[in-house]
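The values are calculated or read from the model by the stated rules, or taken from the named source; none is laboratory data. Quick caveat, the model's predicted, so the values are computed rather than measured. Ideal geometry is used to build each Cβ from the backbone, glycine not excepted, and the neighbour counts take in all protein chains shown.
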Amino acid sequence: MNSSLRLRAGLVSVALLAAFLGIWHLATRSTAPVAAMNPEYAKLMGLTATQGKSAMPGPLDVGAKLWEHLKRPFYDNGPNDKGLGIQLAYSIARVGTGYLLAVLVAIPLGFLIGMSPLLSKALDPFIQVLKPISPLAWMPLALYTIKDSSVSAIFVIFICSIWPMLLNTVFGVASVRKEWINVARTLEVGTIRRAFTVILPAAAPTILTGMRISIGIAWLVIVAAEMLVGGTGIGYFVWNEWNNLSITNVIIAILLIGIVGMLLDQILARFTRMVTFPE
Amino acid sequence: MTDKFVSIEGIAKRYPGASGATTTVFENLWLSMARGEFCCVIGHSGCGKTTVLNILAGLDAPSEGAVIVDGQAIAGTSLDRAVIFQSHALLPWRTVLGNVAYAVSSKWRSWDRAKVKAHAQTFIDLVGLTGSEHKRPSELSGGMKQRVGIARALSITPKMMLMDEPFSALDALTRGTLQDEVRRICLETGQTAFMITHDVDEAIYLADKIFLMTNGPGAVLAEVVENPLPRDRGRTDLHRHPLYYALRNHIIDFLVTRSKTFAAETPNHDPRNVPVVQIGKPGLTIASNGEEQRQTRMPGTNPGLTA
């Protein structure tokens, strides 16, 4: 039953993909020559004018270009021509650094706030104000103070991934079941040991959920941030290829951004499953 | 009455209510227990039974008064007083062994892993869970979970055990088996136990003394009923004992009617000298009518039947 459902779902997925690619192909293919024109002019205008080909690349163009990229992912021909592997590596490194810094700040801080009703109340207005600020709004301030575009991008990732983790940690820590805390109390377990042996494992699923939301947001934001700071990264690549009017490369980049985002989410989902306990 | 192992001295619990008024759950509550005694508290919901237990455990502080255990006023929780929670309160991310070992390593911090494990294992064996050490609480039935809770409480070899309706969430069969085990373990180890229950038969089977509390708010300890049944009583022939029904009827009467009317009917009730009720005198064997056989004495006079 279960395996047959999975099989059927897989078949439907493949069919939908095939339909999408088919429609895409039909919509963008070359049609008959549009009109007679001066051959010199036709050469200048390219297939779009002469064959009625859509300016949008078809799936075959994208596939061929993608294959080219996959064959040489790490080439480096100077600042404006680097392999996709290198660009993705830059983006992942920025997200990774900013995200890890956010983990290091958000989880201990969330623990403190969650365990102390005073801090929780005192810091709440700040969190409420800071949380809805678009991470990109920080960019000029970051560029002005840090004076390094690459570090500014990392800062933007840091600031956007900290809130979901912080809020989830606070919530997870504050809502640990009273009876588990009471068990630790009757066993005269000290505060530090209680934090690590009762509160941390009890709050871990909630904390990991926050971390999973954060990595998703961080990956969304890095593309926009790199468009602004430029130089390297998949976001810069998208903008650079737009300036080159290479829609094929833009589509490839969009596809890769989606796949990497999915992989990051899956990694966090696996960690979440590891710390989740059945009750 | 000579050996006051546990002595609750004039405690009160008040909560701030709406518009500045305070709600008094109970006040001026006096109660004592001898070493090795098994005491049950019976009363309706809201009479503050659980609060008394939490104060004894140190989880809650009384608004007034003090609690003295083994000659020392208690301040906060202690490894000397183990609690068996109604909802078993096992840590779901730890195995059975892990849950018991957590308690053991909390008490004896310098012990190495092997020693902790061996000690925990003896208590898992004691409650009959051998073979389930590596299961997680979610894989256990309600009765097995509560056994782990009992093993965890016993493993720290406490001076007394506090139980808050430990068996109320279990089915009747499992409850019976666990009552047998708790009774056996308490008798074998001479454990002092304080238990809250709603189950009259459970109290009759387990307790040496039964504390009857009136309805809250403003609940008082109305009577201390001494259990007249022999110490070697068994579950199967408990109800055949001549004093069983007299005792049971006395408690049920209290719960049904007197718990409501006690305060009005007994205006000069002295909370420091709560009447001790003895069902049937030592010499009498047949109790055809509980009312005639009931004898109330004030503490400090004729010790009467002792366990």
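Whether a residue is of a type in the set (K, R), assigned by TED's automatic domain parsing to the domain that holds A:W219 and closer than 20 Å to A:I217 by Cα was assessed, and A:K147 does not pass this test.
Here A:V103 fits the description: under 28 Å from A:L208 (Cα atoms) and at pLDDT 90 or above.
If I filter region B:88-121 down to residues being within 20 Å of B:M163 (Cα to Cα) and touching an Asp or Glu at 6+ places or on another chain (Cβ under 6 Å), which single residue comes out as nearest to the other protein chains (Cβ to nearest Cβ)? Among them, the one singled out is B:A89. Does A:G216 meet the test of being in a loop (DSSP other than H, G, I, E, B), more than 13 Å from every other protein chain (Cβ to nearest Cβ), touching a residue at least 24 places away in the same chain (Cβ under 8 Å) and surrounded by fewer than 23 Cβ atoms within 10 Å (Cβ to Cβ)? Here the answer is no, as A:G216 does not meet what is asked. Select from region A:189-199 the residues that are surrounded by fewer than 18 Cβ atoms within 10 Å (Cβ to Cβ) and within 10 Å of another protein chain (Cβ to nearest Cβ) and write down the one among them that is farthest from the chain's Cα centre (by Cα). The residue in question is A:G190.
Filtering region B:73-85 to residues that are facing chain A (nearest Cβ under 9 Å) and under 29 Å from A:P278 (Cβ atoms) leaves B:T77, B:A82, B:V83, B:F85. Of the candidates B:T50, B:T22, the single residue that is free of Cβ contacts under 8 Å to residues at least 60 places away in the same chain and either within 14 Å of another protein chain (Cβ to nearest Cβ) or over 30 Å from B:P137 (Cα atoms) (or both) is B:T22. Checked against (1) buried (at least 17 other Cβ atoms within 10 Å of the Cβ); (2) touching a helix residue (DSSP H, G or I) at 6+ places or on another chain (Cβ under 7 Å), A:P278 passes all but condition (1). If you go through region B:129-184 and keep only what is aliphatic (A, V, I, L, M), in a loop (DSSP other than H, G, I, E, B) and either within 12 Å of chain A (Cβ to nearest Cβ) or touching a residue at least 40 places away in the same chain (Cβ under 8 Å) (or both), you end up with B:L140, B:I156, B:A169. Does A:E179 count as acidic (D, E), within 14 Å of chain B (Cβ to nearest Cβ) and not in a loop (DSSP other than H, G, I, E, B)? So A:E179 fits the description; yes. Scanning region B:27-71 for residues that are hydrophobic (A, V, I, L, M, F, W, C) and in a helix (DSSP H, G or I) yields a count of 5.
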